[in-house]
Every structure is written in C-alpha cells, then in structure tokens.
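The values are calculated or read from the model by the stated rules, or taken from the named source; none is laboratory data. In this text the structure is predicted, and so the values were computed from the model without any measurement. Because the Cβ atoms are built from the backbone with ideal geometry, glycine has one as well, and the counts that use them run over all protein chains shown. Protein only, heavy atoms only, side chains kept; ligands, DNA and RNA dropped before computing areas. Shrake-Rupley method; radii C 1.70, N 1.55, O 1.52, S 1.80 Å.
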Amino acid sequence: MDWYEAEVRALEKSLITVPPQPDVVVFYGSSSIRLWDTLASDFKTIPTLNLGFGGSTLAACVHFFERLVVPCKPRSLVFYAGDNDLGDGQPPEAVANSLRALLQKTTQYLGEIPFAFLAIKPSLARWSLIERIRQTNELSQGELAQRKFSYYIDTFQPMLGDDGQPQPELFAADGLHLSPTGYQVWTQVLYEHQQQIF
C-alpha cells in the first residue's frame, strides 16, 4: 500500500485545509473517480467531495477508508473501483471479498448510510477481461444485497453500443479512463437513482 501513500497524504492535507461540508456526498475510489473534474458542476445542488486516488484497487480503498472517508462523515457514499484489481490478476471472488469488507467498514464507522456501487466499466483497454468484469459485477450485486441502503448502479450496460461492444466515444485516448461524454453517462445514470443515494 506504500505506492498510494503520497496521494493519500495529499488528500488528508486537503481535508484539513478545506474541511468537508456537512452532509457531503463522498465520491470514493480509483482514478475514474479522481479524474472526474466536472463532479461539482455535474451535481450542482448536491455537496460533493472527490476522494479518488490514482491506480487504486478496491483492496486499497478498504485499507485507506478510515483515513479518508470516515473523517468526512458523509451522508452517502458513491464508490467506483475493482477493475484495477482485475487488471492486477485478482480473481472476481477476491474483489467481491474486498467489497464486502468495505461495506462492513461503512456500516461500522458511518452507520446505514446509502452506498452506491458503480458497476465496473467495460473499457476498451480491458476488454480481454470482460468475462471477469461481468462476474465481478454479478458477485458485487450479491454483496450489496446483504446490506441495507446499498445499491448496484448499472453504469456497465449504458456504456455498450447496440453491437455489445464498448462505445469508443465514452473513453479517453487510453481506452481505460472516461471521456467527458463518458462522465455525462455516469451522471445521468446517477441522477436516475438520486432519491435513493443522495
């Protein structure tokens, strides 16, 4: 976990410099969250806080949860991670186990706040892992069903075209991260669930 330490410390420092608003909605997870530069403007009427850190695995998000999320006392949590775990060779079961640990920590430290899990995306760069991505998303739904006020947000299907392939315009040049159009899709899907998670 030392690889993430510098970025996590920078986030901790920012939380001291600019304390989170009361009842903030925390967006937590990997670089797909960190690179969401339009987050505040996409959710103008909702106090949001971006706590994404680059390259993070779901396991790393569990590890740093107490340091980053707990002090913010969020009213709800929107979460994305898991594809980096799969990219590192972890099996779907291990990713689901990490999600279970994260859900348990959320309840332990923050109570039964809403928890929204954004489905692992069908990226161009990791299309070779698509079956493991599908399996991880399915296992994740099972984990979420075990906790009250936890929601699986299907951002997977809307990113596929009619041919069942990823829509290239939704991804950045690296084929892994989202383009501005991709974030628009995520924003629209989240608004469809706003009564549950915000």
For region 122-137, the count of residues that are over 16 Å from Leu99 (Cα atoms) and either in contact with a Phe, Trp or Tyr (Cβ under 7 Å, 6 or more places away or on another chain) or without any contact (Cβ under 8 Å) to a residue 40 or more places away in the chain (or both) equals 7
Within region 48-63, residues being under 13 Å from the mean Cα position of the chain (by Cα), outside any loop (DSSP other than H, G, I, E, B) and closer than 13 Å to Met1 by Cα number 5
| Condition met for Glu66 (part of a helix (DSSP H, G or I) and surrounded by fewer than 24 Cβ atoms within 10 Å (Cβ to Cβ)) | yes
### Message
Condition (residue is of a type in the set (Lys, Arg) and over 30 Å from Lys73 (Cβ atoms)) applied to region 130-149: is it met by at least one residue?
### Response
yes
Within region 40-61, residues touching a residue at least 40 places away in the same chain (Cβ under 8 Å), closer than 22 Å to Ile16 by Cα and surrounded by fewer than 20 Cβ atoms within 10 Å (Cβ to Cβ) come out as Ile46, Gly54
Considering residues that are surrounded by fewer than 22 Cβ atoms within 10 Å (Cβ to Cβ) and in a loop (DSSP other than H, G, I, E, B), the number found within region 80-93 is 4
Condition met for Ser150 (in contact (Cβ under 8 Å) with a residue 12 or more places away in the chain, within 13 Å of Leu86 (Cβ to Cβ) and in contact with a Phe, Trp or Tyr (Cβ under 8 Å, 6 or more places away or on another chain)): no
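Look at Ala173 and say whether it is open to solvent by 10 Å² or more (accessible area, probe 1.4 Å), among the aliphatic types (A, V, I, L, M), more than 19 Å from Val25 (Cα to Cα) and touching a Gly at 6+ places or on another chain (Cβ under 8 Å). Step through it out loud before you land on a result.
On the way: open to solvent by 10 Å² or more (accessible area, probe 1.4 Å): yes; among the aliphatic types (A, V, I, L, M): yes; more than 19 Å from Val25 (Cα to Cα): yes; touching a Gly at 6+ places or on another chain (Cβ under 8 Å): no.
Answer is no for this residue.
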The condition of being touching a Ser or Thr at 6+ places or on another chain (Cβ under 6 Å) and either closer than 21 Å to Leu51 by Cβ or not in a helix (DSSP H, G or I) (or both) holds, among Leu99, Leu103, Leu77, Leu124, only for Leu99
Restricting attention to region 143-158, the residues that are part of a helix (DSSP H, G or I) and among the hydrophobic types (A, V, I, L, M, F, W, C) number exactly 1
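State yes or no: is Asp37 in contact (Cβ under 8 Å) with a residue 12 or more places away in the chain and open to solvent by 10 Å² or more (accessible area, probe 1.4 Å)?
Values: in contact (Cβ under 8 Å) with a residue 12 or more places away in the chain: no; open to solvent by 10 Å² or more (accessible area, probe 1.4 Å): yes.
Here the answer is no, as Asp37 does not meet what is asked.
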